[in-house]
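The values are calculated or read from the model by the stated rules, or taken from the named source; none is laboratory data. Everything numeric here is computed off the predicted structure, so don't read it as measured data. Because the Cβ atoms are built from the backbone with ideal geometry, glycine has one as well, and the counts that use them run over all protein chains shown.
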Amino acid sequence: MARGKKERSILISEKAELSIVVPIKLDLLAILLGASIETFPNESISKLFGNREGNIIYPIIAFPYQVADRTRQSVDFENDGANDVNLYLRKFLGLKLMGDHHSHPYGREGMSLELSDEDIKDMRNSVNEFQTPYLSLVTAIRRYNTRELRMVSTENGEIVLAYGRYSTRTAGYQLNQKNGRIKRVKLRLET
Ligand SMILES: [Zn+2]
């Protein structure tokens, strides 16, 4: 995700800290992957609404932005429509804005699940605007070809899903406003 700027991948930390487990329901993941597929080979961007208990975020509903300026490595969704829809959803869903999701379409340069410096900046801005903690999900998506469904929650906290013409890996990051740290969380797929 980025606001009109090109993304560059950087490392958050050498080691993933996976002490926090975030449950992801399959129907929520399907919406996020659907948005990633629709906009491929450009980026998708969605907002996540849900609840939290203590440090654990429970994303329940996703709203993929339909109007945005997209490229392979950025998406600019800052417009009046996006602001209006955030206000509307928060008013009527009875849920809080808990984070966002965006895709990293694999290009020849091979984008990964690592957050870019733009992603980190956006995450910090979102936390200031909304609340802590803040969840950011990233899906690395590339072309594939299989009729066999592969769906796995991996040991390192990713969800791998391959089907049809796409293969995806999804990872999660959480930002703690108190100490400003971003850490990887473990995603657990709930079917
Ligand atoms: Zn990104």
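A few notes on this one:
- Tallying residues that are closer than 17 Å to HIS101 by Cβ and either free of Cβ contacts under 8 Å to residues at least 12 places away in the same chain or out of contact with any helix residue (DSSP H, G or I) (no Cβ under 6 Å at 6 or more places or on another chain) (or both) within the stretch 168-191 yields 14.
- Total residues in the stretch 143-167, condition touching a helix residue (DSSP H, G or I) at 6+ places or on another chain (Cβ under 9 Å), among the aliphatic types (A, V, I, L, M) and over 28 Å from SER126 (Cβ atoms): 1
- Test for ARG52: is it assigned to a helix (DSSP H, G or I) and either away from the ligand (no atom under 12 Å from the Cβ) or modelled with pLDDT under 90 (or both): no
- Scanning the stretch 63-82 for residues that are part of a strand (DSSP E or B), over 13 Å from the mean Cα position of the chain (by Cα) and more than 15 Å from the ligand (Cβ to nearest atom) yields a single hit, ASP69.
- Within the stretch 127-185, tally of residues that are acidic (Asp, Glu), under 26 Å from PHE63 (Cβ atoms) and assigned to a loop (DSSP other than H, G, I, E, B): 1
- The condition of being modelled with pLDDT of 90 or more, surrounded by 13 or more Cβ atoms within 10 Å (Cβ to Cβ) and not in a helix (DSSP H, G or I) holds for only one of ILE60, ILE37, that being ILE60.
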